1. The range 34-81: which trypsin sites (Lys or Arg not before Pro) are DSSP loop and have at most 12 other beta-carbon atoms within 10 angstrom?
2. Strictly over 20 Å apart at the Cα level, which of Lys12/Lys43; Lys16/Lys188; Lys13/Lys53 would you flag in this model?
3. Name the residue from Ser147, Pro191, Ile105 whose Cα lies farthest towards the positive end of the charge dipole of the range 63-199, charges +1 on Cβ of Lys and Arg and -1 on Cβ of Asp and Glu.
4. Mind ordering 159-165, 103-109, 191-197 by average Cβ neighbours within 10 Å, highest first?
5. Please report, in debye to the nearest 20, how large the charge dipole of the range 63-199 is about its Cα centre when each Lys and Arg carries +1 at its beta carbon and each Asp and Glu carries -1 there.
6. To test your reading of the geometry: what angle, between 0 and 90 degrees and rounded to tens, separates the Cα axis of helix 53-73 from the longest principal axis of the chain?
7. Sort Cys65, Cys36 so that the residue with the fewest other Cβ atoms within 10 Å of its own Cβ comes first and the one with the most comes last.
8. Can you compute the helix-only [θ] at 222 nm over the chain? Use -39500 (n - 2.57) per DSSP H run of at least 4 residues, normalise by all residues, nearest 500 deg cm²/dmol.
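All of the numbers you see were taken from the coordinates with simple rules; none came from a lab. Computed from a prediction, not measured in an experiment: that's the story for all the values here. Methodologically, a virtual Cβ is constructed for each residue, glycine included, from the backbone with ideal geometry; neighbour enumeration extends over all protein chains shown.
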Amino acid sequence: MKQEERTELTRKKIMKAAVNEFGSYGYEGGTIGRICKTGSINKGLIYHNFKDKDALYLACMKESCDLLMDMFKDMDQKTAPEALGEAYMRVRMHFFTVHPLHGRILFEGLLMPPAALQNEIQETLSPLEDFNRQIIMTMLDALPLRSGISRERAIACFRLVADAYNARFRSDTADHSDMNEKIEAHEKELPKIIDCMLYGIAEKRENKE
């Protein structure tokens, strides 16, 4: 076996153990020591391939983001704009179901990022953020916006509501015992939030005077 192949196998072994660790305990609770123990990996090998815990965590974050983006690539490109939101959420929910450990890592990065790594995580997840913006723009382009509401203004409102909604899930960052329930609750409620943003919550009354 060539050296390059051995290096790649070692890196994959480290990544598998790290995804299990950070997917189970999050950034704060995850440790290099436990990764070594559960993965039967020499600590020197980890630091030969990754600078430190932060670098390893960011590699897991990127792998998680790449997995989800690959699933989005399989979305039907002919999906009608009015059905795009539903198709998007189906893919997200499928990702969290079939890749629960990667899903927890991504969920933490999106909603509860470690303060020390916020900038790095934002850069790592930029492809997903760009894709989300593209989905929103496509959905908005298919709708007649109210007078005085530009597309950029509508997107800004989306972001404001999303930030407020996500804030509900940013407590107890160190407690991953109920992370599956948090993710499921978040993903089930999100389509309702999007629907309210797009179509409103009340019929507008006509002034008959």
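1. Passing sites in the range 34-81 are Lys51, Lys78.
2. Lys16/Lys188
3. Working it through, the farthest residue towards the positive pole turns out to be Ser147.
4. 103-109, 191-197, 159-165
5. I would put it at about 540 debye.
6. 50
7. Fewest-to-most ranking of Cys65, Cys36: Cys36, Cys65.
8. After summing the helix terms and dividing by residue count, I get -24000 deg cm²/dmol.
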